[in-house]
Amino acid sequence: MVMATCALGFAALVFQGLIWPTEAGRWAAVALFVGLPLAGLRIAAGVHWRALFAPIRLRDLGIGLAFMPLVVLVSAMIALLVMHAGPTAANPIFEQFGKMSGAQLALFAASTLPQLFGEELITILPLLAVLTALRSGVRMPRRAALLIAWIVSALIFGALHLPTYGWHVAQALGVIFAARLALTLPYLVTKSLWASTVTHIVNDWAGFLLVMGITALKG
């Protein structure tokens, strides 16, 4: 159930441009991207679904911020290796920054907050689903099960980015996969979804601001 609703939420986000290509459509797609996985979690876990959303603690936020340099370092190292092997594809949203007005940029930035939270859901929920299946189904030791679940969830995350990067396998299953491994670490350390969400938001926003700055200088 959880995996199915994560897939449906992602489909809503991916196909929004074909079905409802407006700003309202984008917000509706983001709402489904977040809401459908949460609905699946509620159905699968019952009243225990709230366990994933413990109260936000300063410690968790601090750990989330502390992991950002690691995410950047890992992403940069793998990206350099992939670029050395051949051409790569740019994120198409970067090409649109130069065409956006200030209001459009503000709306885009606002929409990334729930979207990045949704990306955490479609990573951490599959991780927990795989972990539970390995632990309860085949009685695998916790450390081995957690390692496999961590890798599988990062592979899923990377694969979901294949359309974004022009089906560039090395980029999606290399750079994005490696970045996702690092992005998940704050959750594994704190067991707080908020920690990994903070890392993800700060990392992506830093990238957006860098590209916006470069675009502004070129303009």
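Values in this text are rule-based calculations from the coordinates and carry no lab data. The structure displayed is predicted, hence computed values, not measured ones. Heads up, the Cβs are rebuilt from the backbone with ideal geometry, glycines too, and the neighbour counts pull from every protein chain shown.
Under a Cβ-Cβ cut-off of 10 Å, what is the net charge of the residues other than Leu13 that fall near it, where Lys and Arg count +1 and Asp and Glu count -1? Charge balance in the 10 Å sphere: 0. Only helices reaching 24 angstrom along their own axis (Cα) with mean Kyte-Doolittle hydropathy no lower than 1.6 count here, and for the DSSP H runs of the chain these are 68-85, 142-160. Cα-Cα pairs above 29 Å in the chain: how many percent? Percentage above 29 Å: 26. Ordered by the number of other Cβ atoms lying within 10 Å of each residue's own Cβ, fewest first, Ser196, Ser101, Ser153, Ser75 fall into the sequence Ser101, Ser75, Ser153, Ser196. Note on segment 107-163: the alpha carbon radius of gyration divided by the globular reference 2.2 N^0.38 Å gives 1.36. Of Ala129, Pro87, Ile176, whose Cα points farthest to the positive end of the dipole of the chain (charges on the beta-carbon: +1 Lys, Arg; -1 Asp, Glu; origin at the Cα centre)? Checking the options against the dipole of the chain, the answer is Ala129.
Within the shell defined by Cβ-Cβ distances under 15 Å, the residues around Ala103 carry a net charge of +1, with Lys and Arg each +1 and Asp and Glu each -1. Computed about its Cα centre, the charge dipole of the chain is approximately 640 debye, with only Lys, Arg, Asp and Glu carrying charge at their Cβ.
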